[in-house]
Structure formats: C-alpha cells, structure tokens
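S.K.: Please read through the structure below; I'll follow up with questions.
The values are calculated or read from the model by the stated rules, or taken from the named source; none is laboratory data. Here the structure is a predicted model, which means the values were calculated and not measured. Note that we place each Cβ from the backbone using ideal geometry, even for glycine, and neighbour counts take in every protein chain shown. Ligands, DNA and RNA are stripped out before the accessible areas are found, and what is left, the full protein with its side chains, is counted by its heavy atoms. Shrake-Rupley method; radii C 1.70, N 1.55, O 1.52, S 1.80 Å.
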Amino acid sequence: MNRLTVWKIAAVSFAATTAASFYWRPSPRASAPAAKVARLARIAAPRAVPTAAVGETELLAAVEGARGATELVAALDRLAEVASERSLEALARYADDPRPGVSESAVRALGRVGGDEASEILVSLAKDSRQRTRAAAVMALAGAGTPRAMDALVRFARDRRNDVRDVALVALGQSGDPGAVPVLVELAHRADTLDGAVRALAALTVPEAKEALEDMARSGTSRLRAAALAALPDTSSAESEAMLLQLLASGDSTSAAAAAEVLGRDGNPRAVAALVRAARAGQPNVANAAVTALGQIGGTEARRALVDLVHDGSRNLIYAAAGALVQDGDAEGIRLLRGELARAGVQTRANILGVLSGVRGPEVDALMLELAQKDDTNDRRIAIEYLVRTGHDGAIPMALAWLKAGTRTERSQALQLLAQTDAPEAIEAVKELARQSTGAARVEALTALVPRSGDDPEVVTMLGASLAGGRTDEVFSAAFALAQTGTPAARDALVAALTGGSWQAGNAAAQALAQVGGQEATAALAEVARTGDRRVRGAALQALASMGAQETVAAAKAALERGTHEDAQAAVNALGQFDGGEARALLSRAAASRDASVRSTAAQALGQNPDATSLTTLVGLARDADQSVRSSALSGLGQLGTPEAMTTLFDVVRSGTPEDRAHAIGIVASLGDPRGDAAVASGIVDANEGVATASIYAAQQLGSEHDDAIAARLVDPRAPESVRMAAAQALRAHGGPVAAAHEREIAAVIGEETPEERVGD
C-alpha cells in the first residue's frame, strides 16, 4: 500500500479517530490547568491555511516540475515553510520516492503541516522498511502537534527496536510537551532506555522535567543518578550543592564521579576541599573526575591542590593533575607546573613535559629551547617535537642533526617532525635520505614526504619501485602512500603492481586502488578479479565491492563458477555489500555450497541486509547441519523480522539445540514481540547453563519485569557460576528494590565489597 493510499484512508478515518485521541493521557493524573487544556485544543486543531496561498501553489508546481532529486529536495524544503493540508497529497506521494533525500524531505514537510491527517501518514511512515524514512517520520511527529502524534511517539519510545526507540526518545525531548515527562520518567528507570530518556528530559526545558531530574538525582540507582546529575541545567542552589557533595562522598563511584563533573562544570570554589579528598581517596574514575573538576574551578586554592597532587599524588593522577593545572593555557598554572620540574622524579618529569608540550606560551617556548640543548634524550625529543610543531626557528637544525647522526629512534622521530614543516631544507633532507636508503628505511622516508611532496614525480617513482620489489611490510606502506598522493602517476604505479609484481604487491595495490577510485582503477581491478593470480583475485574483488562498483557482481559470479574455496569466500563477502536481485540470487546459490564456511558466510551476507527474497534461504540455513551456519541464519532472520522469520525463530527457541536456543532467545528478546518476553522468562529457569545465561543477559536489556526470577537464580546454590554471575550483573544494571534486597549476594558473586564492609574500612 503506497503512502497516497494511506493518506486517503487517513482522510476517511479522521472523524472516527479524532474523538478517541483528542487528549493524550499516558497515565492517570490530575486535571490539567485551563491554560494547558487550551493549549491542547490548539495543537489538536488543524492548522490554518497560510495566507501566502499563491506561494504554496507556486511551490507545489515547482515540486511537481522538478527534474532531478537535488532539485526536488530543494523544492520540498521550500514548500515545507508554507505547506498546508492542500499539500498533503503531494507530500504523501513523495514520501514513497526512493531517490536519496526525497522521502526524508517530504516527511519533514508533513511534520510542518501538522494536523491529524498528516499525523496518520507519519505514523504509517514510521513503520517503513527504510530506516532513514522511519527516523525522519518519528522526528516529524514531534512537530505535528497532535494527540495522535504524541501517542505514537510514546508507543515507539517503548519499542525495543533500537533504531525506532532511540529516535522517538529524541523526538519526545523536542516536542516541548510537559505531558511527555511521566513517560520519560518511566523509561529512565529502564536499563535500555535510561540514557536516552534522561537526555530527552533535559531537552524538554519545562519545569516538570527539571523536577523529575532532581528527584532521580536524589533517589535513583547509581547509574540513573549519574545521568540525571549530568543532565540538570542548573545545580547552583544550596540544596543542589549539598546533594552533590553528599554523592561525592557516598562511596558509589558512578554517582561520585558524576557529582564531581557537575561541581567542576558549575565552577564551585566551595567544593575544592571535598574534591581533593575524592581525588586522593576515590576510585580511579572518581579521582580523575575530581582532578578535572579542580582544573575547571581554578583559583589559588584549586591550583595549589593540583600542584600537590602532581608532586605527591598517585602515579595515575600525576598526568591528570598536570593537565588540569594548565587547561585553557592558564599562565599561572604553567608557571607553577614548570617550577615542579626541579623536584620531579623521572616519571613525573615526563608527565609534566608531556602536558606542557600540549600548551603554548612564551614561558613554555623558553623551557623547550633550553631542554633541546641538553643531553637528556627524552627531554630533547619532547622539546624538539614541540618546537617543530609550533614552527620555532631553532627547531629544524636540531631535527636535521638527528636525521644525519642520531640513533634509529631519533632518526624516525626526526622524519616525523620534519614532515610537519614546509621548509625547503627539511623536505630536501628527507628526500636525500630516501635516495640513499633501501628497504623499510626508504619507505619510511618517502611516507613522511607524502603529506608535503606527494605530487613530486621523484617521490612517486621511488614509491613505485618500493611497491614492485619490496618486502611484504614495505609494499603495503608504499601502496597506501601512493594512494594518499592521489596523482595519475601514482594510480598508474598501483595498476602496474596489480599484475607486474609479487602477489603481496598485488594485494597491497588492490586495497590501495579502492581508496583511489576512478574508472581506470575499477577496470583494472575487474580484470584482475576475473583473470588474475588466484592469490590476488580475492583482494581485487573485495576492493571492487568496497567501491560499490557494478562490475563486482559479474566478477563474483565468475569467482563462484571457478568453484575454489578461496574464490567462493571472496565472492560471498563481496556480494553481501549489494542489494540487487542478481546479487541475492548468487548468494542463495552460495548458500547451497558443500563448504560449510561458504554457507556460513552466505548466511551472514544475507542477514546483514535481508529482504523478503532472503527468507526461504535463511529458513533453510537455520536447519543446517553446521552450528555456525545456523547461528548466522538465525541472526539474519532476526534482522528480517517478518512473521515468517519470527515463526522460525520461535520454533528454534522451543526445539533447537541448546546453542541455537540460547542464540535465538537473545534475538527474539529484542524484537518487541510478546512471545519474546515469554521465551526469556522460560529460558531464565532453563536447566541448560547456556540457555539460562543467554536468557538472563537478554532480560538485562529488557527492564526489570524478570528481576524476581533472576534473583531466584542468583541465590540458588545449585545454579552454575556463569548463571549466577549473569544474574548478579543483570540485577546490578537494573537497580531497584529487587537489586537492593539482594545487594549482599550481588556483591559476593561479582567480587565487590558490600556497603557494610566499605563503611567498616
């Protein structure tokens, strides 16, 4: 059924659906204030036809007369600014257009039109087979401004199919409707939607959303508190400050780290002492967050604390504290950090110099010039790298001296440093090294030259010679350096290496030509894929596929007809990147191969982007004698998601091997089918260890409805260790009353201290 038909049906059913959906009530709540009722009435009513009726007529004509996709998209985007119900028929028709960008523009315009008829079309489009169209439709529903649209967004946000659900959460956040708050709060308490729901609440910018975030920051699970704290737009009140300081000292590392981040974001100087304590005594994530916060707060007290941490903090904190001290080029922090060099040990000194080399300033320049003249190799390397990168006049002579008389490591570092400058003497010195060297040293010098002198014919000639006659490690470096130059001469050298050098050079050239692209590269790769060395054919075929070249299908067909294992594998991998009917037919042929690895690869290829024609083949492969083939086929059926595919998956859940049942349960749990919940519930108590573990991990992504059953496996002393570990992790991820009641058992299985033990310490 096309979208125009859907629009006509929507027009007929409009009267029947309006009364039922006039008010959107996601949950029982008090009567809305009069102002809100008035606002709902306004958004439910169809929008008035714009006064610029002539403009809409002209733009509709421009849409109908567009001569290509680019022109059509531009016309649709202009029409969206003035479109009314008059444009619905045209917009519904173009929402089915397969050309790139057309469907999305039409869908966005439907959202701008608004009203119930547009909402009905958008709801239908949100179930389209094209992911981009679905996403655009869900986002457009946020602007449609009708109870029907909001009801659909809530339904999609609760959908476990990630691509729809996540976009719907964003759309709810952009809707501006306080009525979305209860639903978002509900979804914030689900492990799989927590982050998206919290972000959506923050985006709503209505008082109800801020209140909900504050409530979750006080009393949610550790993960929920952390997300809510980070999302709160304003934490400057005394109450918020007290809550943040309490969480910082709570012992819960997730909440404490989030509290530190917020205190730093707010620049709260009253938090310095608490942050220092957290930096010294907290877990690594808390300590790093506290150090970063001290740097954001700044000021004398925070700087002094950071200097102390650089001097006597743990090894893991030295670099973080030094970086926080000089963030944003703080001149006083730079001065203090430089003063620490005199009393710093070797590791601390390296950390300090590493941090200082990332900032700029006269004091840093002077320090680096001084260090570049000293004997300490590590100090000199950091200093010269800094001076070259910042374009200091004295740097190039020092790097040239390393290039001529330094150690192998120093020469390599000098090459990389000199490659960053356009100075003629630097480029000529590197080129001279390439002329005088052989093997890996020559390729290293040439590769360093490419960013600055890749179009130099001499450089291209030397790279071509290294590709044709080098060792394996050299030919790949030379090939990709040639691809990076992008010149016709470099392309010709790569084409010549496809057939004129070693098979290693041919493989390297094929991969590099995929980056170069163009008609000449495509023709050369297609010829090698059909008739070249058997050790190069696969690389050429894969290169064609990665370029999206139509020649891929014909070359893959020839590879399948040759019948060797290597050719068949290469052909199936390449065909998996194409959607056309011929490619699908060839994959189905490969799925009948006697080689199990070829069948498995074919199943993976069919499953990565399945369509209705894949169903019969995938169903057959789901019953294959080889377990890896069955696993790939089951994943493909899950991607397909049709009723027939689901039937096969649930058959496997009921009667497959333990391995297949475990895999199938993980798939059906994410498809939003009620039978998937039942399969998970049954699997949690299954006697087979693999099935039970897979079911518990699947339940971890669904929410807390199975927590009681999971807790029963956690406390069952006869349950296998893997089952109890999965149960502990699932309950910890969900949080809530069941997890709280079994905190001691969870900590024991995971290997953590209990809260009582932490307090005792």
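S.K.: Residues being among the hydrophobic types (A, V, I, L, M, F, W, C), closer than 23 Å to L671 by Cα and surrounded by 23 or more Cβ atoms within 10 Å (Cβ to Cβ): count how many of those fall in the stretch 693-729. Can you show your working first?
M.R.: First, pick out the residues of the stretch 693-729 that are among the hydrophobic types (A, V, I, L, M, F, W, C): 694, 696, 698-699, 702, 709-712, 714-715, 719, 723, 725-728.
Narrowing further to those that are closer than 23 Å to L671 by Cα: 694, 696, 698-699, 702, 709-710, 726-727.
If we keep only those that are surrounded by 23 or more Cβ atoms within 10 Å (Cβ to Cβ) as well, we get 694, 696, 698-699, 710, 726-727.
Looking only at that region, the number is 7.
S.K.: Now for a different question. Suppose the filter is closer than 21 Å to S670 by Cβ, touching a Phe, Trp or Tyr at 6+ places or on another chain (Cβ under 9 Å) and either touching a residue at least 12 places away in the same chain (Cβ under 8 Å) or of a type outside the set (F, W, Y) (or both); does V183 pass it? Give the steps one after another, and end with the answer.
M.R.: On the way: closer than 21 Å to S670 by Cβ: yes; touching a Phe, Trp or Tyr at 6+ places or on another chain (Cβ under 9 Å): no; either touching a residue at least 12 places away in the same chain (Cβ under 8 Å) or of a type outside the set (F, W, Y) (or both): yes.
No; evaluated as a whole, the condition is false for this residue.
S.K.: Any chance the stretch 643-661 includes a residue that's open to solvent by 30 Å² or more (accessible area, probe 1.4 Å), within 28 Å of the chain's Cα centre (by Cα) and within 21 Å of R130 (Cα to Cα)? Show your work before the answer.
M.R.: Of the residues in the stretch 643-661, the ones open to solvent by 30 Å² or more (accessible area, probe 1.4 Å) are 643-644, 647, 651, 654-655, 657-659, 661.
Still in the running and within 28 Å of the chain's Cα centre (by Cα): none.
Checking the stretch 643-661: not a single residue is open to solvent by 30 Å² or more (accessible area, probe 1.4 Å), within 28 Å of the chain's Cα centre (by Cα) and within 21 Å of R130 (Cα to Cα).
S.K.: Of all residues in the stretch 132-149, count the ones that are touching a residue at least 60 places away in the same chain (Cβ under 8 Å), open to solvent by less than 10 Å² (accessible area, probe 1.4 Å) and in a helix (DSSP H, G or I).
M.R.: Filtering the stretch 132-149 down to residues touching a residue at least 60 places away in the same chain (Cβ under 8 Å) leaves 145-148.
So of that shortlist, the ones also open to solvent by less than 10 Å² (accessible area, probe 1.4 Å) come out as 146-147.
Next, only the ones that are in a helix (DSSP H, G or I) stay: 147.
Number of matching residues: 1.
S.K.: I'd like to know if the stretch 250-265 contains one or more residues that are aliphatic (A, V, I, L, M) and touching a Pro at 6+ places or on another chain (Cβ under 9 Å). Walk me through how you get there before you give the answer.
M.R.: Looking only at the stretch 250-265, we keep the residues that are aliphatic (A, V, I, L, M), and these are 256-260, 262-263.
Keeping just the survivors that are touching a Pro at 6+ places or on another chain (Cβ under 9 Å) gives none.
No, there is no match, as no residue in the stretch 250-265 is aliphatic (A, V, I, L, M) and touching a Pro at 6+ places or on another chain (Cβ under 9 Å).
S.K.: Has the stretch 369-391 got at least one residue that is modelled with pLDDT under 80, under 30 Å from G267 (Cα atoms) and loosely packed, with under 14 Cβ neighbours inside 10 Å?
M.R.: No, that holds for no residue.
S.K.: For the stretch 565-586, name all the residues that are in a helix (DSSP H, G or I), within 29 Å of the chain's Cα centre (by Cα) and over 23 Å from A524 (Cα atoms).
M.R.: Within the stretch 565-586, R584 is the sole residue that qualifies.
S.K.: Considering only residues that are of a type outside the set (D, E, K, R) and open to solvent by 30 Å² or more (accessible area, probe 1.4 Å), which ones fall in the stretch 519-542?
M.R.: Q519, A523, T531, Q542
S.K.: Looking at the stretch 610-642, which of its residues are among the aliphatic types (A, V, I, L, M) and open to solvent by less than 20 Å² (accessible area, probe 1.4 Å)? Steps first, answer last, please.
M.R.: Here is the first cut: in the stretch 610-642, the residues among the aliphatic types (A, V, I, L, M) are 612, 615, 618-619, 621-622, 625, 629, 633-634, 637, 640.
The answer is L618, L621, A622, V629, A633, L634, L637.
S.K.: Go through (1) surrounded by 16 or more Cβ atoms within 10 Å (Cβ to Cβ); (2) under 31 Å from the mean Cα position of the chain (by Cα) and name the single condition G454 misses.
M.R.: (2)
S.K.: Right, something else. How many of the residues making up the stretch 261-294 are surrounded by fewer than 24 Cβ atoms within 10 Å (Cβ to Cβ) and either closer than 28 Å to R223 by Cβ or at pLDDT below 85 (or both)? Before the answer, list the steps.
M.R.: Step one: of the stretch 261-294, the residues surrounded by fewer than 24 Cβ atoms within 10 Å (Cβ to Cβ) are 261, 264-270, 272-274, 276-277, 280-285, 288, 292.
Going one step further and asking which of them are either closer than 28 Å to R223 by Cβ or at pLDDT below 85 (or both), we end up with 261, 264-268, 270, 272-274, 276-277, 280-285, 288, 292.
Total satisfying the criteria: 20.
S.K.: Hey, another quick one. In the list S600, S593, which residue meets the criterion of being within 18 Å of V572 (Cα to Cα), part of a helix (DSSP H, G or I), in contact (Cβ under 8 Å) with a residue 24 or more places away in the chain and not aliphatic (A, V, I, L, M)?
M.R.: Working: S593 fails: part of a helix (DSSP H, G or I).
Selected residue: S600, the only one of S600, S593 that is within 18 Å of V572 (Cα to Cα), part of a helix (DSSP H, G or I), in contact (Cβ under 8 Å) with a residue 24 or more places away in the chain and not aliphatic (A, V, I, L, M).
S.K.: Another question, if that's okay. Applying the selection to the stretch 220-241, what residues are among the charged types (D, E, K, R) and open to solvent by 60 Å² or more (accessible area, probe 1.4 Å)?
M.R.: First, the residues of the stretch 220-241 that are among the charged types (D, E, K, R): 223, 225, 234, 239, 241.
Result: R223, D234, E239.
S.K.: Oh, and also: Of the conditions (1) farther than 27 Å from R732 by Cβ; (2) touching a Leu at 6+ places or on another chain (Cβ under 6 Å), G299 fails just one. Which one is it?
M.R.: Exception for G299: condition (2).
S.K.: Can you tell me which of (1) under 30 Å from the mean Cα position of the chain (by Cα); (2) within 30 Å of Q608 (Cα to Cα); (3) surrounded by 23 or more Cβ atoms within 10 Å (Cβ to Cβ) is the one Y94 doesn't meet?
M.R.: The number of the failed condition is (1).
S.K.: Now for a different question. Take V685 and tell me if it is without any contact (Cβ under 8 Å) to a residue 60 or more places away in the chain, of a type outside the set (S, T, N, Q) and either within 19 Å of S222 (Cβ to Cβ) or open to solvent by less than 20 Å² (accessible area, probe 1.4 Å) (or both).
M.R.: Details: without any contact (Cβ under 8 Å) to a residue 60 or more places away in the chain: yes; of a type outside the set (S, T, N, Q): yes; either within 19 Å of S222 (Cβ to Cβ) or open to solvent by less than 20 Å² (accessible area, probe 1.4 Å) (or both): no.
Criteria not met by V685.
S.K.: Just the residues that are touching a helix residue (DSSP H, G or I) at 6+ places or on another chain (Cβ under 7 Å), part of a loop (DSSP other than H, G, I, E, B) and of a type outside the set (D, E, K, R), please, taken from the stretch 397-432.
M.R.: Across the stretch 397-432, the qualifying residues are G406, A419, Q420, T421, A423.
S.K.: What are the residues in the stretch 295-331 that are open to solvent by 10 Å² or more (accessible area, probe 1.4 Å) and not in a helix (DSSP H, G or I), if any?
M.R.: Result: G298, G313, S314, D330.
S.K.: I'm checking my understanding of the structure. Among residues of the stretch 334-368 that are crowded, with 17+ Cβ neighbours inside 10 Å and not in a helix (DSSP H, G or I), which one is farthest from the chain's Cα centre (by Cα)?
M.R.: Checked the stretch 334-368; the qualifying residue farthest from the chain's Cα centre (by Cα) is A344.
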